[in-house]
Amino acid sequence: MEPLSIFDIYKIGVGPSSSHTLGPWKAALRFKDDLSGKTFDKIEIHLYGSLSKTGKGHATGKAVQLGLLGLEPETISVETIEITINQIRDTKQLNVNGKLIVFDPATDIHFHNYALPDHPNTLSFKAEEKGMVILEDTYLSVGGGFILKVGEPELKDRKVNLPFPINSGLDLDNHCKNTGLGVSAIVLENELHFRDRQGIDQATSEIFNTMLNSVFRGCYTEGVLPGGLNVKRRAKGINQKLLSGATFQDADEWLEAVKKSSNDFDSINRWISCFALAVNEENAAMGRIVTSPTNGAAGVIPAVLLYYYCFCKNKGMSDIQKFLFASGEIGCIFKKNATISAAVGGCQAEIGVSSAMAAGGLTEVLGGTDKQVLMAAEIAMEHHLGMTCDPVGGLVQIPCIERNAMGAIKAITASNLALSGNPADAVIIFDTVVKTMWDTAQEMNVKYKETSEGGLAFNLPVMPNC
């Protein structure tokens with residue numbers, strides 16, 4: 001298996017979907033780079049399967065245009081996205097590698113209502129010069145913002161020899177047993193072979209600050225989410241009630257107020273939901289979030305991490321790193337042995353994986369053993385098995401936003417159960433639940449895999465025009 005860094009799982013990007021927005025965006029950037037030095041006067045994009053069926057609601061068409069422009073999801077000013085997209089629509093022109101070509105999104109982006117055999121999230125780009133094809137590439141968006149160019153191996157340029165190779169929970173457990181190190185310490189030793197300590201510190205700080213700022217923005221933004229469902233933002237209302245209407249200049253000041261607020265069970269429970277809703281309301285509005293492990297599930301990790309940071313004893317950034325190391329490794333194991341794509345495995349692959357990651361990370365910082373970390377992750381996933389992906393209208397809103405709050409609560413419960421139990425008594429182990437999730441994914445009816453053709457998406461009386 002290819003080595004994975006936790007920073008492959010945690011990516012800073014733009015909503016609403018890692019597989020339908022971030023992946024196609026990165027594919028477009030790759031195609032733009034491959035066009036460098038070539039002469040062309042026309043570009044077409046073809047979207048297949050789930051990318052087509054829910055692509056409009058997931059902003060796939062917008063993402064590929066932004067990628068062809070060379071704009072990066074990590075750094076783009078999200079406030080300029082709609083302005084840029086409207087300019088392309090109105091002028092029917094696109095600047096690719098400094099060359100201005102005629103491009104009409106209405107006719108040059110094609111939505112095909114069928115899937116290709118390689119993957120349900122497939123897209124292709126074709127560049128022409130005077131009617132002759134100059135370059136044509138096909139990409140798979142395999143979940144979590146990962147892309148695979150057809151004909152190339154995934155992560156083909158990565159050559160890393162890790163001191164502690166981890167392809168399963170058993171591998172992780174054995175490394176901990178043989179060295180006496182905890183989960184996060186083992187992961188850190190591996191990460192030092194991807195980048196130096198300064199780079200790790202900088203990356204974890206950027207991830208945490210991006211998560212924090214996405215929660216903060218969501219807690220102070222109101223209105224209706226785009227897309228036609230008329231879903232009202234709720235995080236701001238919850239935040240106002242819990243802080244008695246107080247406002248703050250920045251996220252750090254707000255966070256200190258949260259830490260000093262009432263810490264009774266009901267209030268903490270509301271805060272956890274507020275954190276999760278805030279992130280995924282931002283995600284639904286094409287805001288900046290951290291893919292963890294996907295955009296649609298991006299609220300679970302921040303909600304559980306901020307729960308720990310605000311309402312448990314913590315050691316600041318050192319604990320944040322431990323949380324991200326342990327949780328990220330859980331995500332890597334799911335990525336290697338199953339899937340983190342809802343188009344392949346349903347929502348168990350997104351909310352289920354994020355909940356398992358959060359449970360493992362929380363257990364690590366609360367002092368759990370490596371076996372308890374894996375036990376917590378197993379419990380969290382066990383109670384998401386079979387969860388379908390049925391986004392109403394192809395939008396990452398209903399039931400996705402609320403599912404993040406539920407996934408966060410399940411993660412905390414799973415951690416508490418693992419810390420209170422004895423892993424030696426567990427009947428089901430982590431690797432078993434990973435395999436079971438993958439088996440379930442393969443047997444799940446395709447209409448429950450991010451097609452909006454089943455479940456809640458199918459039974460809504462009136463569908464929006466999106």
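Residue-wise test of (1) more than 23 Å from Tyr139 (Cα to Cα); (2) assigned to a helix (DSSP H, G or I).
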position	(1), (2)
Ser52	no, yes
Leu66	no, yes
Ile76	no, no
Glu79	yes, yes
Ala106	no, yes
Unmet criterion (only one of (1) within 30 Å of Ser184 (Cα to Cα); (2) surrounded by fewer than 24 Cβ atoms within 10 Å (Cβ to Cβ); (3) at pLDDT 95 or above) for Pro3: (3)
All positions within segment 37-58 that are small (Gly, Ala, Ser) and surrounded by fewer than 18 Cβ atoms within 10 Å (Cβ to Cβ): Gly37
Total residues in segment 333-367, condition of a type in the set (Val, Ile, Thr) and under 11 Å from Ala297 (Cβ atoms): 3
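Of the residues that make up segment 242-259, is at least one within 30 Å of Gly61 (Cβ to Cβ), assigned by TED's automatic domain parsing to the domain that holds Gly361 and either in contact with a Lys or Arg (Cβ under 6 Å, 6 or more places away or on another chain) or modelled with pLDDT of 95 or more (or both)?
Within segment 242-259, the first condition is being within 30 Å of Gly61 (Cβ to Cβ), and the residues that meet it are none.
Scanning segment 242-259, I find no residue that is within 30 Å of Gly61 (Cβ to Cβ), assigned by TED's automatic domain parsing to the domain that holds Gly361 and either in contact with a Lys or Arg (Cβ under 6 Å, 6 or more places away or on another chain) or modelled with pLDDT of 95 or more (or both), so the answer is no.
Check whether at least one residue in segment 112-121 is part of a loop (DSSP other than H, G, I, E, B) and closer than 30 Å to Asp201 by Cβ, and report yes or no. Working first, answer last.
Our first condition is that a residue be part of a loop (DSSP other than H, G, I, E, B); within segment 112-121, this holds for 113-115, 117-118, 120.
After this cut, where a residue has to be closer than 30 Å to Asp201 by Cβ as well, the list is none.
No - not one qualifying residue is present in segment 112-121.
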Set Gly394, Gly360: member being on the phi > 0 side of the Ramachandran plot, crowded, with 16+ Cβ neighbours inside 10 Å and not aromatic (Phe, Trp, Tyr): Gly394
Test: residue in segment 59-75 that is crowded, with 24+ Cβ neighbours inside 10 Å, in contact with an Asp or Glu (Cβ under 8 Å, 6 or more places away or on another chain) and in contact (Cβ under 8 Å) with a residue 24 or more places away in the chain: no
Check on Gly345, modelled with pLDDT of 95 or more and closer than 22 Å to Thr60 by Cα: yes
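When segment 183-200 is examined, which residues are found to be assigned to a helix (DSSP H, G or I) and surrounded by fewer than 20 Cβ atoms within 10 Å (Cβ to Cβ)? It would help to see each step written out before you state the result.
Here is the first cut: in segment 183-200, the ones assigned to a helix (DSSP H, G or I) are 183-191, 197-200.
Selection gives Ala185, Leu188, Glu189, Arg197, Gln198, Gly199.
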Residues located in segment 136-152, provided they are more than 22 Å from the chain's Cα centre (by Cα) and at pLDDT below 95: Val150, Gly151, Glu152
Residue tally, condition part of a loop (DSSP other than H, G, I, E, B) and of a type in the set (A, V, I, L, M), over segment 367-410: 5
Residue count for segment 201-236, restricted to those that are at pLDDT 95 or above, in contact with a Leu (Cβ under 7 Å, 6 or more places away or on another chain), in a loop (DSSP other than H, G, I, E, B) and not β-branched (Val, Ile, Thr): 2
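The values are calculated or read from the model by the stated rules, or taken from the named source; none is laboratory data. Bear in mind that the values here come from a model prediction, so they are computed numbers and not experimental data. Every residue, glycine among them, receives a Cβ derived from its backbone with ideal geometry; neighbour counts consider all protein chains shown.
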